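See structure below.
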Amino acid sequence: MPGEQPHSDDRSEPSEPALDRFVKAGFEQLGFEADETTMAVIRVVDSLYGPLIDGLMRADLGQVEPEHGVDLSAPPREVESR
Amino acid sequence: MSLLDAGLTEQASAIASGEADPRELLDATLSRIDDRKQALNAIVDTFPEESHRMLDEAPRGPLYGVPIAVKDEWPLPWRAERLGAAAPLGPAPRPGESGPYRALRDAGAVIVGIANMHEYGMGSTGAISVYGPARNPWDTDRCPGGSSSGSAAAVAGRLVAGAVGADGIGSIRFPAAYCGLTGLKPTFGRSAMSGHHVRHTTTIVSGPLCRDAADCRLLGTALFGEELRPLAAAGLRIGIVRGEVWEDCREDVRTACEAALEALREATGGTMSEVSVEGLEHTLVCSILMTSSEEMAQMTPEGLEALGDGVSPIARAVLRYRMLTPAVTIARAQQVRTLVRRSLATVFEQVDVLAWPTVAAPAPPLADPTVRLPSGPHPADYANPRQAGIANLTGVPGISIPIGLSSEGLPLGLQLLAAWGRDGLLLDAAQTLERASDRSWVEAVPPLAAAA
C-alpha cells in the first residue's frame, strides 16, 4: 500500500489510472512483471488502504516532538520521569 | 474427563503430583492430533522422536511434561520454520534454538507439533496457508483467525492445552477471539523472540494462546522468563474510547462486550469512563506500515521475483507492491507512533485498562472472509487490524477474553489493553471476568471437541 499519489486519479491520462502507471513503472525498475492478477490484487489493496495513506500524508503531525531513545517496552521517557 | 481435555494448569499439576504419566499424555496428544488432522488441519507437523527426547531430558519446571504447540514462525533444533508459505522471504531458514524453544524446554514443556499459520503471517483469518487453512473448531467452515490460526484451532479443538503464537498486528488476539480462547499479546520485548525471521522487529511478540487466564499466566511465565503473579483486579478503572473501534462493530459483538465490561466493573468495584486517544484513526495503517517495512527490510527484488508458484497470488502481489512504499509514509508512521505512545501514557494515568471488541464481527466463512459491519461489508483483513494495531505500534500489552457466543454459535471476544509492563493486570482482569461469568465462556466446548 504505497503512497498517496497512486490513489488519486490523474485526469490528464484517462486511458490508464495513475495507480496502474505508478505500479508498472516501479515494477519495471525492480524487474517485476505486472501481470493482470497482480494488478487486480494491488487495486483492491489500494482501494482499502489508499484513503488511509492519504489521511496519514495529510495529517498535521508537525507539532509532534521526537521521542529520543525509544524503548517500546516502556512508556515515553519524558512521561515516565514526570 | 480425559486429561487430554483438561486445561494447561490442570495437566501440569496432574503430572507434577504423579497422578498422570507424561509419556501417556504425550502419546495420547499425538494420537488426537492425528485423529483431528483432517477436520482441523491445526497441527501441520509432528516429530514424536524429538518430542519424546524433549520429555526424557525435561527439567522439573512449571510445565514439566506438558505438550505444547508452536506456531510455524520459529526454528526448532530439528526443524526450520516455514511461515505457512511455500518459499522463504529472505535467506533460507535453518533449524536452531529459538527463544520460544529455549523458554519451553527450560520450563520442562514438550513441543509436540508445529501449528499452522496464515501465509507469511500476512492475514488475520488463517484462510491462506501452504498447508491448506486451519479450521475453526466452532464451525469448520469458518476462519480460525490469523495469523496464529493453527495455535488457536489446536487449543480450541482440544489437541493441546496451550500453544505459542506471535502477534505483529493482532495475530494472537484475532484467533483467540474467533476460537473462544484467551490470548495475550505481551508488552513489546518481554517475551522470548530470538530466532524470529524479522530480526529488527519493533512490533512482533510471542505470546500464549490458552483456554483461560490461569493457563495463559502459566505459559506466559515460561515465555517471559519471570513469574506473572496473580493479583486482585480491585477498583479497576476501565477506559472506553468511542469511535470506530466500538461503533463499527456488529451489534451483537458490541452488546456482548458492553455487558462483559459492566460485569467486570461490578466485580472489581471499579469505574468506567470515556477517554480519547490521539492519533487512533491512524493506528491501523501505521501498524501495517511499521510491521511490513521491517519485514521487507530483509528482502531483495530478486528474492521476491524468485518466489515460486506455490506462493499465493495475493502474497506475491502485496509483497511486490510493498517494495514501492514511499519512505515518507514510514517516517509519518513513526511520528504517529510517538503521538499515540504519549497519548496512551497520559490515558493510562487516568485508567487502568482500555477496552473494545477484539474483532468487529465473529469468524467469517473461510470461503469468503468478509465481515458485514455498520459501515458496510469489508474484508476481515481490513476490519481486524483497526481493532488491534495500536498495541503493536506502541508496545503496550493486550488480551482477548472470550465473552459469549453469537447467534450463529461463534465465539465473541473482548479486548483489554494496559500500560507497558502491566501484562499481569490484564490476566487479573480476565480472571475476574471469568469468575463473574461463572467461567461459562472459558469452559464452553466447541462442537468438534464435544462430539468426540
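Any read-out appearing in this document is the output of simple, stated calculations on the displayed coordinates, not a laboratory observation. Fair warning: this is a prediction, and the values are worked out from it, not measured in the lab. As a convention, Cβ positions derive from the backbone with ideal geometry for all residues, glycine included, and neighbour counts pool all protein chains shown.
Quick notes on this one:
- Using alpha carbons only: equivalent-ellipsoid semi-axes of region B:3-450, gyration tensor based, whole Å: 29, 27, 20
- Kirkwood-based Rg to Rh ratio, region B:283-339, C-alpha trace: 1.04
- Our summary gives chain B a relative contact order of 18 percent, counting only alpha carbon pairs under 8 angstrom and 6 or more residues apart.
- Under the combined filter of DSSP loop state and at most 14 neighbouring Cβ atoms within 10 Å, region B:141-233 retains these trypsin sites (Lys or Arg not before Pro): B:R199.
- For region A:10-68, trypsin sites (Lys or Arg not before Pro) are listed when DSSP marks them as loop and at most 16 other Cβ atoms sit within 10 Å of their Cβ; the list is A:R11.
- Karplus-derived HN-Hα couplings along region B:53-64 (A = 6.51, B = -1.76, C = 1.60, θ = phi - 60°), whole Hz, x at Gly and Pro: 5, 4, 5, 4, 9, 5, x, 7, x, x, 10, 3
- Karplus 3J(HN,Hα) series, Hz, for region B:371-383 with 6.51 cos²θ - 1.76 cosθ + 1.60 (x for Gly, Pro): 10, 9, 10, x, 7, x, x, 9, x, 4, 5, 8, 6
- Per residue, chain B reaches -12000 deg cm²/dmol at 222 nm when only DSSP H runs of four or more residues are counted, each adding -39500 (n - 2.57).
- For B:A419, residues with placed amide H under 5 Å, excluding near neighbours: none
- Relative intensity, log₁₀ I(q)/I(0), of region B:283-422 from a Debye sum that treats every alpha carbon as a point, q = 0.18, 0.19 Å⁻¹: -1.16, -1.20
- Convex hull volume per residue in cubic angstrom - Cα atoms of region B:62-214: 95 Å³
- Each residue of region B:164-179 was assigned a 3J(HN,Hα) from its phi angle through the Karplus expression (A = 6.51, B = -1.76, C = 1.60, θ = phi - 60°), giving 9, x, 10, 10, x, 8, x, 6, 9, 6, 4, x, 4, 5, 5, 9 Hz with x at Gly and Pro.
- Antiparallel DSSP beta bridges within the protein assembly as shown, percent to nearest 5: 70 percent
- A simple packing score, the average count of other Cβ atoms within 10 Å per residue, orders the peptides B:364-375, B:121-132 as B:121-132, B:364-375, with the highest score first.
- Annotation: amide H-H contacts under 5 Å for B:G162 (H modelled 1.01 Å from N, sequence separation of 5 or more, or interchain): B:A69.
- Both radii come from the Cα set of the protein assembly as shown: Rg as radius of gyration, Rh as Kirkwood radius; their ratio Rg/Rh reads 0.96.
- Scanning residues 5 or more positions from A:V70 or on other chains, none has an amide H under 5 Å from its amide H, with H placed 1.01 Å from N in the peptide plane.
- Taking other C-beta atoms within 10 Å as the exposure proxy, B:C216, B:C249 rank B:C249, B:C216 from fewest upward.
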